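These notes concern the structure reproduced below.
The values are calculated or read from the model by the stated rules, or taken from the named source; none is laboratory data. Given the structure is predicted, the values throughout are model-derived calculations rather than measurements. Note that we place each Cβ from the backbone using ideal geometry, even for glycine, and neighbour counts take in every protein chain shown. Keep in mind that these areas ignore ligands, DNA and RNA; they rest on the heavy atoms of the full protein, side chains included. Shrake-Rupley method; radii C 1.70, N 1.55, O 1.52, S 1.80 Å.
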Amino acid sequence: MFLRSVFVTGILFSFLIDPGVLYAQESVKQSEQLDFAQGLLSRGMYDMAILQYQKYIADYPQSPSLQEAYLSLGEGYFLSQDFKNAVDAFNKFNQLYPHSDQLPVSLLRLGQIDLQQEKYDDALKEFTSIDVQQQLKGQMLQSFDYYTAQAYLGKGDAVSALDFFQKASQVTGASGYAAYAFEEIGKIQAQGGHYSDAMEAYTKSLQLAGDDPIKGELTYRIAEIKFLSGQYEEAIKGFGQVLGTGSSTGFAQDALANMLLAYFNLGQYDQLLNEYHKNVKEIKDDETYFPIHLAAVLAYIELKEYDQANALLDRLLAFSTLKSQERARIFIKKADILIRQKKFKDGLALLEAYSSENANDADENFFLKAQAYFGLGDYDHAFNFFENVFLNFPGSRFSKAALLGEAHARQEAGRYKESEGLFLKYCDIQDQMDLKSDALYDAVIMAVKSGDTNGVISSAQAYLKAFPNGDKFSEVLLTLADNYGKNDQSQDAVKLLQGYLASPQSSQRPNAANFLLGYNLQLSGKSDQALVSYKQVDPHKEKGLFFTAALKNMAIIYLTQRNFDQARICFDQLISQADQNELQIKTYIWVCNEYLKDQKFDDVLRVAAQAEKHFSPQNLLEIRYFKAEALRAQGNCSEAIKDYDLVTASTDKNAYTGSAHIGYGLCLENDKKFDEAKQEFQKSLDENADDYTVTVHARFEMANLDASQGDLDEALKFYLLVATIYDDAYYCSESLLRAGKIAEQLHRQEDALKMYTEILSKYKNSAAADYASERVRFLK
């Protein structure tokens with residue numbers, strides 16, 4: 001920051017003795033000579049006045065006005081800056097007239113001389129040699145208070161200085177130093193960071209100021225305070241007023257520099273450059289205007305106009321009076337440009353070469369190094385430099401950004417828990433609301449990545465409370481709801497999501513909200529309500545996000561409720577989106593089986609075709625079985641056999657290999673290839689001896705094969721074998737029914753009656769029961 005402090009080293013105090021006060025006994029000649037000396041002094045003709053005072057003292061050693069002459073002689077020396085002789089003259093006066101009413105004038109001048117010579121302790125000794133508060137009033141008291149404050153200020157004792165400046169500003173009936181005292185109060189308060197107090201003091205000073213020079217300075221000081229307070233728009237107006245008065249105030253150059261920086265802090269880089277070019281005639285190419293040129297460089301850099309920035313930096317390098325520190329500053333900005341251009345190694349090289357020459361900007365140097373290492377992917381080095389800036393340069397303009405850099409460095413290094421804490425710390429110290437919001441959001445995300453459910457909940461709740469209109473509101477709310485569910489707080493999630501869905505904001509993420517609501521209702525055991533929410537998830541919103549997940553969860557609920565038809569519908573919808581559903585092959589198999597049971601063969605073939613698109617051949621053997629079964633059922637055995645062959649020929653046996661042999665056999669039987677068919681049925685028995693679901697079917701089909709060939713005795717034997725050794729409602733009841741029919745054909749009515757009766761006893765709810773009941777009535 002380019003700020004200038006102006007110290008008032010001394011304000012000339014007008015002579016306090018009335019030159020017209022003469023004693024009656026003085027001669028006219030004496031009076032005229034003293035008047036002449038006083039006239040010369042008042043006209044600033046100090047050397048001539050001094051000679052006249054010396055002559056008067058020599059000519060009239062007994063004059064009643066001699067003390068006036070001695071005091072005026074000292075005043076002449078003082079005003080002509082001949083402090084040595086002035087001290088002698090005032091000390092002589094003090095010795096000769098220790099009880100004079102004008103003694104305070106002499107002491108004041110001696111103290112002022114000590115101030116000019118930076119002898120602050122001696123000055124304080126002079127100012128406190130008499131009881132000022134008891135003996136002095138009005139303007140003289142104010143003078144002593146004011147210059148006592150200046151002495152303390154010179155000693156670096158701002159607290160005591162402030163006390164005496166305040167006393168000087170409050171003296172009754174005195175105004176000569178009031179404006180200056182308030183100005184000094186403003187400076188001390190500004191240096192202490194008490195900007196509102198400083199503004200109050202400067203405003204009072206401006207109200208009391210009578211001359212234009214101090215008004216111009218105060219206008220600058222007030223603008224400066226607004227700058228320091230972050231009121232950049234107001235500061236720009238004030239600096240503009242200073243510039244409008246020309247260079248007479250002595251603050252035009254500083255005002256321009258600070259105006260440019262105010263534009264920079266507002267991010268108004270184009271306006272900064274406009275003002276820079278507008279004043280180009282007054283901006284010289286020398287070291288004194290370095291801050292102004294550098295402000296333009298900063299604007300070019302922020303606008304990514306790196307060529308212009310480098311060109312101006314090269315121009316600065318040509319300044320003949322450039323200091324080594326300023327030269328280093330130029331190369332650091334060049335390094336900044338290189339780093340922004342992602343030329344990290346080149347930027348680091350410049351920093352290493354010149355950073356030692358610019359100790360005052362060590363914070364920026366370390367910060368830029370951190371950025372370079374971050375760009376190179378060396379996140380540990382980056383973190384260390386960011387940490388150095390934050391810990392060791394707390395007042396730096398890079399301090400907050402360095403803390404944020406620490407958080408991102410830990411994030412990139414995968415140290416999410418540390419990153420979460422750093423983002424929260426940055427959020428706490430950041431006043432800019434958009435940056436604060438972003439940091440709190442990042443803390444939520446880091447908590448998610450680190451698995452810190454409680455951290456997610458805490459930070460997300462804080463975000464929703466602090467930023468109800470934040471850009472990430474919906475995302476944070478949904479993340480909170482999700483983590484409520486993970487933390488066994490489903491009821492809290494439901495309440496949160498229901499409130500969100502009732503608000504206009506839900507239009508941002510309706511699918512996510514409805515899915516999470518359904519999920520938490522499902523966790524709470526409210527399955528029917530969960531289904532209602534899942535059905536609100538729209539495949540045409542949010543690019544279809546959560547639609548497949550909603551279908552999966554609906555299918556699971558339907559399966560739990562044993563509503564297999566609805567479960568099949570959900571799974572089938574997912575299967576139609578094979579690229580997104582992430583279903584396992586077993587789900588396709590289950591859907592095919594359900595369709596096959598309902599004899600929906602086209603649907604079986606459709607689902608099988610989807611599976612063939614989505615899975616590798618080695619995962620499709622079971623699906624090929626269902627495809628073959630559907631083709632066979634449709635009378636297309638020639639195609640079915642191809643898939644049966646693939647299933648039975650595979651070395652990887654599965655639950656459907658035995659059934660594939662049976663299906664293959666049925667196709668052979670359909671083609672009248674009875675022996676080959678029987679071989680397939682036998683293979684099914686041999687390969688699946690321990691799987692009764694396969695062997696019962698194989699023996700049943702073997703019985704059917706014998707019956708179709710007219711070998712009734714053999715068929716009867718196999719049917720009875722099935723009915724005897726198995727306990728399967730369909731195959732056992734059907735085998736007894738067919739065995740009964742064969743027994744009747746063989747005129748063995750009593751055996752047939754037993755078989756029909758057994759059906760009615762064991763399988764009264766089977767499809768065979770009605771026929772058996774009819775035959776029992778007939779045979780009895």
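Per residue, the stretch 178-279 exposes 41 Å² of accessible surface when a 1.4 Å probe is rolled over the protein heavy atoms with every protein chain present. When only alpha carbons are used to place a centre, the stretch 626-669 and the stretch 336-390 end up 71 Å from one another. Please give the helix 212-228 orientation as an angle from the longest Cα principal axis of the chain, in degrees from 0 to 90, rounded to the nearest 10. Tilt relative to the chain: about 20 degrees. When the solvent-accessible area of the stretch 582-690 is split by element, carbon and sulfur atoms take up 43 percent of it, the probe being 1.4 Å.
Test of the criteria: in the stretch 32-124, which trypsin sites (Lys or Arg not before Pro) are in a DSSP loop and have at most 10 other Cβ atoms within 10 angstrom of their Cβ?
Here the trypsin sites (Lys or Arg not before Pro) that fit, given the DSSP loop and packing criteria, are 43.
List the pairs from 642/672; 597/642; 323/343; 125/155 whose alpha-carbon separation is above 20 Å, in the order I gave them. Listed pairs above 20 Å: 597/642; 323/343. Can you list which of the GluC sites (Glu not before Pro) found in the stretch 518-602 are DSSP loop residues with at most 15 other C-beta atoms within 10 Å? Answer in residue order: 582. The accessible area of residue 340, taken with all protein chains in place and a 1.4 Å probe, comes to roughly 90 Å².
Any idea of the accessible area per residue across the stretch 289-372, 1.4 Å probe, to the nearest Å²?
Accessible area per residue, the stretch 289-372: 42 Å².
Is the stretch 197-240 rounded, prolate or oblate when judged by the Cα gyration tensor, a ≥ b ≥ c being the square roots of its eigenvalues, rounded requiring a/c under 1.5 and prolate requiring a/b larger than b/c? Since a/c reaches 1.5 but b/c is at least a/b, the shape of the stretch 197-240 is classed as oblate.
Working from Cα pairs under 8 Å separated by at least six residues, relative contact order for the chain is 3 percent. Net charge in the neighbourhood of residue 501 (other residues with Cβ under 12 Å of its Cβ; Lys, Arg +1, Asp, Glu -1) is +2.
At 1.4 Å probe size, with every protein chain present, just tell me what the per residue accessible area of the stretch 626-780 comes to in Å². Mind showing how you got there, number by number?
Details: 7910 Å² over 155 residues.
Spelled out: the 1.4 Å probe surface of the stretch 626-780, per residue, equals 51 Å².
Nearest 0.05, what FRET efficiency do residue 686 and residue 486 give at R0 = 56 Å with Cβ-Cβ as r? Using R0 = 56 Å, I get an efficiency of 0.60.
List the relative contact order of the stretch 570-627 as a percent without decimals, with contacts defined as Cα pairs under 8 Å and 6+ residues apart.
37
When each of the peptides 319-326, 166-173, 605-612 is scored by the mean number of other C-beta atoms lying within 10 Å of its residues, the order from highest to lowest reads 605-612, 166-173, 319-326. Taking a virtual spin label 7 Å from the Cα of residue 507 along the C-beta vector, which residues in the stretch 538-580 bring their backbone nitrogen under 16 Å of it? Hits in the stretch 538-580 for residue 507 at 16 Å: 541-542. Taking Cα atoms only, the orientation of helix 657-670 departs from the longest principal axis of the chain by about 40 degrees.
When Rg/Rh (Cα atoms, Kirkwood Rh) is computed from the coordinates, the matching label among (i) 1.37; (ii) 1.08; (iii) 1.04 is (i). Put simply, when 670-683, 412-425 are sorted by average Cβ atoms within 10 angstrom per residue, most first, you get 412-425, 670-683.
Counting Lys and Arg as +1 and Asp and Glu as -1 over every other residue whose Cβ lies under 11 Å from the Cβ of residue 523, the net charge comes to +1. Within the assembled protein chains, the solvent-accessible surface assigned to residue 197 is about 70 Å², based on a 1.4 Å probe. Packing order of peptides 389-395, 650-656, 198-204, highest average first: 198-204, 389-395, 650-656 (average count of other Cβ atoms within 10 Å over each peptide's residues). What is the log10 of I(q)/I(0) for the stretch 350-441, computed with the Debye formula using one identical point scatterer on each Cα and no solvent, at q = 0.14 Å⁻¹? Here log10 of I(q) over I(0) equals -0.48. Using only Cα atoms, find the angle between the long axis of helix 453-466 and the longest principal axis of the chain, and express it within 0 to 90 degrees, rounded to the nearest 10. The angle comes out near 60 degrees. Under the simplified labelling scheme, the residue 342-residue 778 pair shows an inter-label distance of 8.9 nm, with each label point 7 Å from Cα along Cα→Cβ.
Using R0 = 51 Å, the C-beta based FRET efficiency linking residue 433 and residue 279 works out to 0.90.
With pairing defined as another cysteine C-beta under 4.7 Å, the cysteines of the chain that fail it are 427, 570, 592, 732. Mean residue ellipticity, 222 nm, helices only, the chain: the sum of -39500 (n - 2.57) across DSSP H runs of n ≥ 4, divided by residue count and rounded to 500, is -23000 deg cm²/dmol. In terms of its alpha-carbon gyration tensor, the stretch 641-704 comes out oblate; a/c meets the 1.5 threshold, while b/c is at least as large as a/b. Positive contributions from Lys and Arg (+1) and negative ones from Asp and Glu (-1), summed over other residues with Cβ under 11 Å from the Cβ of residue 682, come out at -3.
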